[in-house]
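The values are calculated or read from the model by the stated rules, or taken from the named source; none is laboratory data. Predicted model only: the values in this text are computed from it and were never measured. With ideal geometry, Cβ positions are generated from the backbone for all residues, glycine too; neighbour counts draw on all protein chains shown.
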Ligand SMILES: Cc1ncc(C[n+]2csc(CCOP(=O)(O)OP(=O)(O)O)c2C)c(N)n1
Ligand SMILES: [Mg+2]
């Protein structure tokens, strides 16, 4: 076991998979000579050369498309998009091509690409660098969307994503790249499907994904001091969603809160709560609550930004509301 | 080219024309639905270019990709015509098992990598196919057929640039038929000569040729394909052509004149080539008539029959082919608790 930062975990997964399989290549802006905006490919340009660590011009739609084309003939491209905001430029090739080629071809072709991108707010990056957008990708048939909460999943899910035969979007987070966790030294994989109960509890289920898992964990600590036992579920995968794990937890606690960093309308929380209504409505003994961002473009001003984006206290207060304590 | 090849190529072009004519009828009979874009008038381009490429040899083929006007490109690359027709009929025996339709013909066994409806989307996909071929060192090239209108998409510029800096073995074939649906090129495009848009801008070799004379197409395509394969660099080739029918089925062609149509019909690629072959004594008018009869019989008695008689996909298989049907649990799950 070694303490590993999130970015190091990603780098290690790249390195091992590229050493194993010459068909694995990485593409993105500044990932080569410059070592990567988040250091996720640092040192790999020298090791694997410019034909495998490919520095791309600022042409998101087309280099993602080139990765998709290459994946159709056996390559395993890992595409880094510097920020999920810029992934909007590649929506055509991701949503109209990668997600649909297997289906349109009647199963003859596949697009085993991995697209990694940070989605989330950092500090005062303002409206055009703070998109989260998980909800946009999770609504597209033919994609897998995963959200590693820490180094263990960042490494293990990237390894799985590279080997899976489907297009996988990995949503990382600007504020998580330096997060550290002990991870095994020997190779391991973490599956792309399956939510995980990361803290057991009996009174309320707090559901999060990506960064909001950490808000749920912090809120659960505080709730424990109040004598409330919160269970925390990390969704891990937003497409497909593991409804079974959610149902089991809700049937145990009878209360639920979903925390997302994105705006709420047509969001992750809407989908999760609808699923709960369909799967275990009668298990609930209070109204579910969604904790989410305000329905505004993310402001630059730090006070406004703080007011727009949910934090651990919001999750805590929301949980008290579900518990009928406020 | 020997006489036998000349006869074969003429027959192919007539076949393609008749095939498209027959899909038109089937559409009118409501056997075919959705959008249907026919290739009539442009036959010399796909036939001539692909004649010079590696096609019809299965997985050894060059990679071919195009837009929604894709039936003929698929067939010339090696897709069986009856499977293409069955696809138009939405049948399980179709090229894409009835899931794709007219605009999405795929034949992975012949490296026909698909028809795509989003104008300009195939540019980067083609460059990616070329990147894969180069990486694997297979000497295959990628050939991307698109229209003049597609060149106003961002993907055109982005991809020309990357194909050029990365020396990707891809041939971009611009089928300049002068129109993007009903908009004449002069009204949409600052530089109407498409080949001029890449040479200095993206430092890529390019040229423009008559797309109605198959022999000219073949000569130009040979040079371009040799260059792409041997130099491992991209090439942009533009063919001047014309589509004889409307953009798709519901097109009254109000945007162009009868005179213009008549001018281009004189340059019908099938007429030009037939005339040449008759003048050279390779065949007679009567041979062509016989050819047409044979083709019509084949289309009716084999191709249409196959499409008509084939089963539709099963509704129980609605959600097949969305994701990998046989995923490896080590990568996919479930998560071990
Ligand atoms: C991204 C996108 N925008 C618009 C359309 C609608 N559309 C379909 S074909 C077409 C014209 C394309 O013209 P061109 O590239 O010259 O090809 P042609 O049809 O002449 O072969 C348009 C605008 C589309 N399919 N995709
Ligand atoms: Mg056109």
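Couple of notes before you dig in:
- Verdict on residue B:127 being closer than 30 Å to residue A:53 by Cα, more than 13 Å from ligand 2 (Cβ to nearest atom), at the interface with another protein chain (Cβ under 8 Å from one of its Cβ atoms) and out of contact with any helix residue (DSSP H, G or I) (no Cβ under 7 Å at 6 or more places or on another chain): no
- Selection count where residues are within 14 Å of chain B (Cβ to nearest Cβ) and assigned to a strand (DSSP E or B), scope segment A:200-216: 0
To keep it simple, each residue is scored yes or no on (1) in a helix (DSSP H, G or I); (2) within 13 Å of residue B:218 (Cβ to Cβ); (3) within 16 Å of ligand 2 (Cβ to nearest atom).
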{"site": "B:1", "(1), (2), (3)": "no, yes, no"}
{"site": "B:5", "(1), (2), (3)": "yes, yes, no"}
{"site": "B:13", "(1), (2), (3)": "yes, yes, no"}
{"site": "B:16", "(1), (2), (3)": "yes, no, no"}
{"site": "B:26", "(1), (2), (3)": "yes, no, no"}
{"site": "B:39", "(1), (2), (3)": "no, no, yes"}
{"site": "B:46", "(1), (2), (3)": "yes, yes, yes"}
{"site": "B:50", "(1), (2), (3)": "yes, yes, no"}
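- Inside segment B:124-149, residues that are buried (at least 24 other Cβ atoms within 10 Å of the Cβ) and either assigned to a helix (DSSP H, G or I) or more than 10 Å from ligand 1 (Cβ to nearest atom) (or both) make up a count of 14.
- Scanning segment B:151-179 for residues that are near ligand 1 (Cβ under 9 Å from one of its atoms) and in a loop (DSSP other than H, G, I, E, B) yields a total of 3.
- Output for segment B:61-103, where each listed residue is surrounded by fewer than 24 Cβ atoms within 10 Å (Cβ to Cβ), free of Cβ contacts under 8 Å to residues at least 40 places away in the same chain and facing another protein chain (nearest Cβ under 10 Å): none
- Selection status of residue A:41, modelled with pLDDT under 95, part of a loop (DSSP other than H, G, I, E, B) and more than 7 Å from chain B (Cβ to nearest Cβ): no
- Any hit, segment B:157-178, residues being within 16 Å of ligand 2 (Cβ to nearest atom), buried (at least 21 other Cβ atoms within 10 Å of the Cβ), over 23 Å from residue B:40 (Cα atoms) and within 14 Å of chain A (Cβ to nearest Cβ): no
- Residue list for segment A:125-146, filter: within 14 Å of chain B (Cβ to nearest Cβ) and surrounded by fewer than 23 Cβ atoms within 10 Å (Cβ to Cβ): A:139, A:140, A:141, A:142
- For segment B:294-332, a residue qualifies if it is part of a helix (DSSP H, G or I) and within 14 Å of another protein chain (Cβ to nearest Cβ), and the qualifying residues are B:317, B:329, B:330, B:331, B:332.
- Hits in segment A:99-111 (condition: crowded, with 23+ Cβ neighbours inside 10 Å and in contact with a strand residue (DSSP E or B) (Cβ under 8 Å, 6 or more places away or on another chain)): A:101, A:104, A:105
- Of everything listed in (1) within 9 Å of another protein chain (Cβ to nearest Cβ); (2) under 20 Å from residue A:156 (Cα atoms); (3) surrounded by fewer than 20 Cβ atoms within 10 Å (Cβ to Cβ), the single unmet condition for residue A:25 is (3).
- Some residue of segment B:225-234 being more than 14 Å from ligand 1 (Cβ to nearest atom), crowded, with 19+ Cβ neighbours inside 10 Å and within 17 Å of the chain's Cα centre (by Cα): yes
- In a residue-by-residue description of segment B:41-60, the property of being in contact with a helix residue (DSSP H, G or I) (Cβ under 9 Å, 6 or more places away or on another chain) and within 14 Å of chain A (Cβ to nearest Cβ) applies to at least one position.
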